[in-house]
Every structure is written in C-alpha cells, then in structure tokens.
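**Student:** A single structure is presented below for examination.
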Amino acid sequence: MNAHSLRSVRLDGPADVDGFLDRAARLLAAGAHPEAVAWRVAGERAEAQSDLFAGDEVRDGPLVAPAARLPAAFREIAARALLHSDATRHALAYRLAWRLRRAPQLMSIATDAEVARFAALSKSVRRDMHKMTAFVRFRRVAAPDGGEAFVAWFEPDHHIVEATAPFFKRRFANMRWSILTPRRCAHWDGATLVLSPGADKRNAPDGDALEEAWRAYYAAIFNPARLNLAAMTREMPRKYWRNLPEADLIAPLARKASARAADMVAAAPTPARRSAPAAASPSRAAAEACGSLAEISGALPGCRNCDLFRHATQVVPGEGAAHARLALVGEQPGDEEDLSGRPFVGPAGRVLNAALERVGVDRSQTFVTNAVKHFKFEPRGKKRIHKKPGAREIAACRGWLVRELELVRPRLVVALGATAAASLLGKAAPLRDLRGRTIGLANGLEMRATVHPSYLLRIEDPDAKKAGWRAFLDDLAAARELSET
Ligand code: URA
C-alpha cells in the first residue's frame, strides 16, 4: 500500500474493537497517515470524514502489511472508548495510535487534548456499562416451549451490549434471558450467547408478576439511613427510571425516609463509643467526621487517599444491619462488587453466604465490609485480574473501616483473611497465629480471624478443600456463638 493513497476502512459493526485494532496496526505498519484514512462502520452512519473521499478512488482492500504493535496502555483505553457512540472515535483512536509511534509515553500525558478526549470516551462507556449491569430488570415471560424466560428492555447510550452481555451470562447462568436494546440484543439460552439486531420497545413485556415481586423486594430492602437523593440521582439518572418497576416507589419511600431514619437513631441501643486509633492513617480525619453509616457512604466516593479510585468503577462501602452483633471484614471488592457497588456479591460472596447459612447466621443481620474499599486489579485483555492491596492502600483506607466499626459496635468482628486482620490490628500478622483466638482490638472491639472465602475457592485437592471448608465453618460457628454472648 502506498503511504499516501487514500484508504476507506470498513469495520464489521459499531462494537468491532478487534477489527479496528487489527486494521490500525496494519495501517500504521504501512505508514498510512491519519488524514488519508476514512473509517466506516457497517450499520452506522458514514463518518463525516469519509465524505472527503467521495469520488476518490476509495476501496476496501485487504490490508496486508505486517501488524505494528499497539501499546497495552492504548489498547486498554481503546477497548471501551471504541464502543462510544461518537462517530469520530475511530479517527481519534487512529490519530493517537499514529502519534504513539513517536511518543511512546503519550497515553500517560493526561493533559494532552486528544488523550484526554479518548479517556473521557472510555470513562463514559464504562459508566454506561455499569448502569446496564445495575439497572437491567428482567420480566418473566412464557417461552414457546412452555418453560419460562426473562426479558429486559434497556436503552444504553453506547455500543455496550456485546461487552456487557458476559456479565449477565455469569450472573444469570441458569436462566434463559434476552436483553433487548434499540441497537443490539443479547440472548442466553443457558448454553450459548447470541447477539441479534436492535429491537422495538413494544417487544419488551411489562406489568407481570415478576415486576410485582421485584417491587415488593425493593420496598423491603429499602434502607432509609442510606438514602442520599443527590447520590441516588447521580448513580441512577432519571432517564433509567422509566424502565425500573421500583422507580415509582422511590418518591414515597424517600418522603418517609427521614422519619424512619430518626426512628432508627432513637432506637439505637448505645451511642458509638470513641476510642484512640491503633495507628494514624490518612483517611482518619474524614472518616472521623462521619456520624453515621449513611455519611460514610456519602463521603467515601470523594476519598483520594490512594490511587485505587482512578480505575475502580465505584467505591464499595460496608452494608448490613446498622447495629449488627457480628461484623465480617473482607479484603477488598472484587470484579462483581466493583460493578454492583456492594460487598461480597461475587464468587467469594457466594461461598461466604453458603457458610453463614450452614452455621445459622442470617447475613442480613450482620455487617459486611472490606479493609480496602476500591477494587485493585490488573487489566489483562478484557479481564480485570484481582491484585492484592499493599500496606499503603490498607493504611489509606483503614480510617474508614475503623469508623464503620465504631458506628456499628458489633459484639465481634471476624477478619476474613490476612489483609482484613492486618487492617484491624494495625499491623501484619500470620493468620495461623491468629486463628482460634479472640483478640482485643485497640478500640475495645474483639476480633477473631479466619481464612478468606476465596482461599477455599483456590484449593484444588478435594480432601484439602473439604478440610478447609470444615475449618472455615468451625471458625464461623465459634464467631456466631461469641457474637451472641
Ligand atoms: N473479596 C473480598 O474480600 N471482599 C469482597 O467484597 C469480595 C471479594
């Protein structure tokens, strides 16, 4: 290919990220200047730029040059930015890729206008994906074979259906479901994920029994102490409300919330006792200023004590009974917790729930939280791989944990794993030295330590796994007993 010949490159669809990366790498290797390339997308209105080529010799030809390597930092942002509905995203991405050849550190220059715009596209796609995971509501329908299936209607801003569907596949693996959106639909039959063209809202059923059940559930779990209408509107923009069966419950529940929250405060058995922190930490002052769990939830999103907030979707505060007798402290949110904003809802949470059930603990009567409130991970392709928080991150978040526990004042705190124990003790200690003992903490609370549930998931040998599970149940049963004394 001649470096100056004009190229019109056609991608297979608006979410064809791999196609873009492949074509871009080849175009770069062939020295194709960004102004000589027009990006067109099957099923999307031709980009303004391609008008320049009207009448020119524009052909979709094979791109045969050897692919140039695109840096990981670029590919990581591109994976989301290229799903944006902005029609100029490919041209922008290719200009950046072109500039990267001369400036390999370009992606770390946040003040560069093109880098900043690309990052903003990526951020808004990430937010849209998060909204989809949080606000899709399925409705039960009769399937043609007499069984049941679940259908949801959702209106994303960007081309995120393909990228978000695997989340629903994992979460609702045993259901048959379809998510219909105006541009793209995803269908899961329990075995295969299929994508189809966009749908009409008239195909999304509404007003059925499932909706009623969902509304009842929402009213039951509504926690007035957590109501923060400003944050709620920020997290759940009104445009999503019309597809949520619970939306018309929000206003009446909100009106009752201040009275119910006052009742909860009046009913509190003992005011929170203040005590000296075991060790100073940077989040201590902001956390100290919070007089309730609701205030902690409101203040946490502004925490900048470490860098983890930069890449996490959101902060994950503790949740559960405001005056639980038993508190459970994990390490940090995982992938699913990061997306949902709730602790222990992913694979480790399912192990924890099963264990609590086995030893007769009602999770809704406990307080569940983490030592570190943001997800720390390493991107690997499309996956986010959990990374252990370091001592600095544990210390940076410690004030929040200490304050949560001061407010809840549980009879017993259970450290799930070494990170939680290190945060609670203010210093690292081997788990084997802590297990089976009740340890007094500097703030007057008592702690017992056990393994983290994900440790049990990692054990491969079946006998060792069984023994690990039994020991975990024993630890939780002992914790339950102590918490009841
Ligand atoms: N692991 C944790 O430690 N906490 C969570 O919330 C989820 C997984």
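The values are calculated or read from the model by the stated rules, or taken from the named source; none is laboratory data. In this text the structure is predicted, and so the values were computed from the model without any measurement. Cβ atoms come from the backbone with ideal geometry, glycine included; neighbour counts cover every protein chain shown.
**Student:** Kindly indicate which of Arg432, Arg403 is charged (D, E, K, R) and surrounded by fewer than 22 Cβ atoms within 10 Å (Cβ to Cβ).
**Tutor:** Arg432
**Student:** In addition: Looking at segment 345-370 only, could you name the residues that are under 30 Å from Ala72 (Cα atoms) and over 12 Å from the mean Cα position of the chain (by Cα)?
**Tutor:** Across segment 345-370, the qualifying residues are Pro347, Ala348.
**Student:** Here's a follow-up. Thr111 is checked against (1) hydroxyl-bearing (Ser, Thr, Tyr); (2) touching a strand residue (DSSP E or B) at 6+ places or on another chain (Cβ under 9 Å); (3) without any contact (Cβ under 8 Å) to a residue 40 or more places away in the chain and fails just one. What number does that condition carry?
**Tutor:** Result: Thr111 passes all but (2).
**Student:** Then there's this: Can you tell me which residue is surrounded by the most Cβ atoms within 10 Å (Cβ to Cβ) among those in segment 435-466 that are within 32 Å of the chain's Cα centre (by Cα) and of a type in the set (Gly, Ala, Ser)?
**Tutor:** Ala449
**Student:** Follow-up question, since we're still on this one. With (1) touching a residue at least 60 places away in the same chain (Cβ under 8 Å); (2) of a type in the set (Gly, Ala, Ser); (3) crowded, with 21+ Cβ neighbours inside 10 Å as the list, and Ala134 as the residue in question, which single condition is left unmet?
**Tutor:** Failed condition: (3).
Condition check ((1) within 16 Å of the ligand (Cβ to nearest atom); (2) hydroxyl-bearing (Ser, Thr, Tyr); (3) outside any strand (DSSP E or B); (4) at pLDDT below 95) across all residues:
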{"site": "Ala396", "(1), (2), (3), (4)": "no, no, yes, yes"}
{"site": "Gly399", "(1), (2), (3), (4)": "no, no, yes, yes"}
{"site": "Leu407", "(1), (2), (3), (4)": "no, no, yes, yes"}
{"site": "Ala415", "(1), (2), (3), (4)": "yes, no, no, no"}
{"site": "Ser423", "(1), (2), (3), (4)": "yes, yes, yes, no"}
{"site": "Ala442", "(1), (2), (3), (4)": "no, no, yes, yes"}
{"site": "Asp463", "(1), (2), (3), (4)": "no, no, yes, yes"}
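Residue by residue, here is whether (1) part of a loop (DSSP other than H, G, I, E, B); (2) of a type outside the set (Lys, Arg); (3) modelled with pLDDT of 90 or more holds:
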| residue | (1), (2), (3) |
| --- | --- |
| Asp56 | yes, yes, no |
| Arg59 | yes, no, no |
| Ala65 | yes, yes, no |
| Ala78 | no, yes, yes |
| Arg140 | no, no, no |
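**Student:** Being more than 9 Å from the ligand (Cβ to nearest atom) and either outside the structural domain of Ala294 (by TED's automatic domain parsing) or under 14 Å from Glu404 (Cβ atoms) (or both) is the filter here; which residues of segment 327-352 pass it?
**Tutor:** Ala327, Leu328
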